[in-house]
Amino acid sequence: MVPYLDVQHLSKSFGALQLFRDISFSIGEGQKVGLIAKNGTGKSTLLSILSGKEGYDSGSIVFRRDLKVGMLEQSPEFDPDESVLDACFNHQGEDEKVLKAKQVLTQLKIRDLNQRMGELSGGQQKRVALANVLLTEPDLLILDEPTNHLDLEMIEWLEGYLARGNKTLLMVTHDRFFLDRVCSVILELDDQTIYTYRGNYAYYLEKRQERIDNRRAEVARANNLYRTELEWMRRMPQARGHKARYREEAFYELEKVAKQRLEERQLRLKASNVYIGSKIFECQYISKKFDDVIILKDFYYNFSRFEKMGIVGNNGTGKSTFIKMLLGQVPVDDGRIVIGETVKFGYFSQEGLQFNEQEKVIDVITKIADYVDLGSGKKLSASQLLQYFLFTPEQQYNYVYKLSGGERRKLYLCTVLMQNPNFLVLDEPTNDLDIVTLQILEEYLQDFPGCVIVVSHDRYFMDKVVDHLLVFKGQGEVKDFPGNYTQYREWANMVADSSSSSKTSPTSNTKANYRHEDRRRLSYKEKRELEQLEKDIAALEAEQHQIEEALCGGTTSVEEITTMSKRLPVLKDELDEKSMRWLELSEIEN
């Protein structure tokens, strides 16, 4: 394997803050490498160092001679007066390249090549920058959050584009599906050190846990030995010979290991004090459009208690507008939205929150409340909530201006949760959050005893959190799907395959057409099965709601809670299975 990049003994610090120390790694031709780290630990700084925009304290960075490197930054900058086409080719457009540019830009939903860059949104500019770096066809692609501002269709296209061929790639992304499907090597920047895992994201998760378990065992052994050696040191032998001095030196090395601070996995944060009535909200045949763009048309939906809904769809189909109508920030054209009296929304928007830069992190939270009441006599202080979302006690007393972009998003999330809502509405909550924070947020939402709506392009996150989807297809078409994102894609692919096979069936005469249509009708047995499935699903959903209410009621005995907790996942599996079968049969019927 030809080495494209070799990094040896690299160190970088900002004042007293050491980002990484003495790290080494290399990238060979054809390798697709994903870089993972917590927010604020130096991922983007490392990429800036590699691109030559940032200096470093010590070490060496060696690229292969004449290597062509393409860099996608998180926030690219353009001349606002240049056209999209000039931005892609630095004013050197050739006919063949222009044709290729049109193909790539069309995939990224940029269609006007003569539009001025200053007229584009930040997300559109990021897509033009992505097109730019892909079209220059570099030997080594360095990508900082390439999936931000892409919808699901674009992300899946980019996955295929990068996975094909012998491209060499180093990227930072928090999209775990993307990591799993594109990358063959994972680099983890943790505790100022870099670890290499030669496999995809699933392999990394397995081996990382092994590393943490081994380290925990090593520290435990060191602690046991440390107590013995500490007693020896305290006796202060008067005459220290050569062996004694050697033992003393070994003691200090042992002390370093024993006093290592291991990141303990957070306990799952479960609240039982959230109450929400049976009436949540009802969309009563609402319609909305902007000029010729139809967002919703006579849309009806009655939101169930404890429902966890995901909203997906391409950019511009109206996902965020729907949420803003629900919250009363955007008026409906026709119909109305009726919201239950007990509903208390907690809204996490794409735009985020404007912070006072000179305010301390802890003060941002305590301005909202000093604690959250978890029920059963338990309270969660502002500091504990911040610590749960990985703000160390030292970071809590830092000023806001010192936070990275991801840490600010995380702080904004904490301000929403500190309001103790019973209905969370999260619009793209995963952007800029590190993977560890995403895992904590997933657990929080899985255990959240209220209602949840999530708009997200993060497929992994959606699979973990939601049990129901609204799929916005554009021009007012909305698909109501009982399942998570992966189940929806499996169903959509199945329908597409079925449609494709029907198009290739003989259609040369009426008799052949009649026979084909006849084969697609439900049999008597299937009709009865469909009717029974509807009854079964209704009964299972009723049982699920009954169990969830009982678990949140605070009057259930320990034995009943145990039985119900075992029944709930079985119930969910049955519901998923029957819902998928119901969809199969209903598609044939329609």
**Message:** Suppose each label sits 7 Å from its Cα in the direction of the beta carbon; what would the ASP6-LEU568 distance come out to in nanometres?
**Reply:** 5.5
**Request:** Report the extension gain between GLN475 and LYS289 in nm, rounded to one decimal, defined as 0.36 nm multiplied by the number of residues separating them, less their alpha carbon distance.
**Result:** 66.1 nm
**Request:** Calculate the spin-label point distance for SER557 paired with HIS545, positioning each point 7 Å from the Cα along the beta-carbon direction, and give it in nanometres.
**Result:** 2.7
**Prompt:** If you average the sequence gap of Cα pairs under 8 Å that are 6 or more apart and divide by the length of segment 97-186, what percent do you get for the contact order?
**Reply:** 28
**Prompt:** What do you get when you divide the Cα radius of gyration of segment 145-195 by 2.2 N^0.38 Å, with N the number of residues?
**Reply:** 1.23
**Asked** Using a simple spin-label model with points 7 Å from Cα along the Cα→Cβ vector, what separation in nm is obtained for ILE339 and VAL495?
**Response** 3.1
**Complete:** Taking LYS12, LYS578 and ranking on accessible area (1.4 Å, protein atoms only), highest first, one gets LYS578, LYS12
**Item:** At R0 = 45 Å, FRET efficiency that the Cβ-Cβ distance of SER278 and LEU17 yields, to 0.05
**Value:** 0.30
**Item:** Calculated FRET value between ARG198 and GLU351, using beta carbons and R₀ = 41 Å, to 0.05
**Value:** 0.55
**Item:** Sites ARG215 and ASP363 - FRET efficiency at Förster radius 22 Å, r taken between beta-carbons, to 0.05
**Value:** 0.05
**Prompt:** Roughly speaking, to the nearest percent, how much of segment 405-445's 1.4 Å accessible area is carbon and sulfur?
**Reply:** 36
**Asked** In straight Cα distance, which lysines are under 23 Å from LYS126, not counting same-chain residues fewer than 8 positions off?
**Response** LYS32, LYS38, LYS43, LYS53, LYS68, LYS97, LYS100, LYS102, LYS109, LYS167, LYS319, LYS410
**Complete:** Share of accessible surface on carbon and sulfur in segment 24-143, whole %, 1.4 Å probe and ligands ignored, is 40
**Message:** Counting heavy atoms of the protein chains only and a 1.4 Å probe, report the per residue accessible area for segment 1-102 as a whole number of Å².
**Reply:** 54
**Prompt:** Which lysines have a Cα less than 21 Å from the Cα of LYS578, not counting those fewer than 8 places away in the same chain?
**Reply:** LYS308, LYS464, LYS479, LYS525, LYS527, LYS535, LYS566
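The values are calculated or read from the model by the stated rules, or taken from the named source; none is laboratory data. Just so it is clear, the structure is predicted and the values come from calculations on it, not from any experiment. As a convention, Cβ positions derive from the backbone with ideal geometry for all residues, glycine included, and neighbour counts pool all protein chains shown. Heavy atoms of the whole protein, side chains included, go into the accessibility calculation; ligands, DNA and RNA do not. Shrake-Rupley method; radii C 1.70, N 1.55, O 1.52, S 1.80 Å.
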